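Worksheet: one structure, shown below.
The values are calculated or read from the model by the stated rules, or taken from the named source; none is laboratory data. A quick note: this is a predicted structure, and the numbers were derived from the prediction, not measured. Positions of Cβ are backbone-derived with ideal geometry, glycine not excepted, and every protein chain shown enters the neighbour counts.
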Amino acid sequence: MSRIGKKAVPVPKGVTADIAGQTVSVKGPKGTLSFVLNDLVLASKAEDGSVKIEPKDDSKPARASWGMSRTQVANLIKGVTVGFEKKLEITGVGYKAALQGKNLQLSLGYSHDISFPVPEGIVIACPKPTEITVTGIDAQKVGQVAAEIRKYRPPEPYKGKGVRYAGEYIVRKEGKKK
């Protein structure tokens, strides 16, 4: 039994959840999201308005998809009510970020600046030149954009320079010895 899958996903006030076959659509104050469930699980609405996910049978793949499907539906509801946010920190001499129109300009120690186009549905802010905040309603998209920005210059273990997630700990290595 999935401990996560057993719980029904509560739908808060101001949010509507519609189930059409295997598609769960959620509409809230921040926008509309939908997710197509795996064929091994079933979605239904409970009397109290919450969304319940159940496996079709007792097979191992159905039970494996159960908890993940419930979490995906919970992320839809969280996205249209609160939204998701990832913070990135830039460490290094001369490393900085700035917004120019619909592009994020990154200066990360290369011979050229990197221009990252901001995708649709994502908002990027730079409160400081060494901080980037990625926000949006789709958890997968927010994480993907943050990972793509980090990929331009991942943190290196000797000096710790690069783009890291806020709160990420980089295991430092000792340099050469004489």
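Listed values, structure above:
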| read-out | value |
| --- | --- |
| Selection within segment 103-130 - surrounded by fewer than 15 Cβ atoms within 10 Å (Cβ to Cβ), in a strand (DSSP E or B) and either in contact with a Lys or Arg (Cβ under 9 Å, 6 or more places away or on another chain) or of a type in the set (V, I, T) (or both) | P117, V123 |
| Residue ID - surrounded by the fewest Cβ atoms within 10 Å (Cβ to Cβ), chosen from residues in segment 35-59 that are among the acidic types (D, E) and within 20 Å of T16 (Cβ to Cβ) | E47 |
| Residues within segment 75-96 that are among the small types (G, A, S) and at pLDDT 95 or above, tallied | 0 |
| Members of segment 16-29 that are hydrophobic (A, V, I, L, M, F, W, C), over 20 Å from the mean Cα position of the chain (by Cα) and surrounded by 13 or more Cβ atoms within 10 Å (Cβ to Cβ) | A17, I19 |
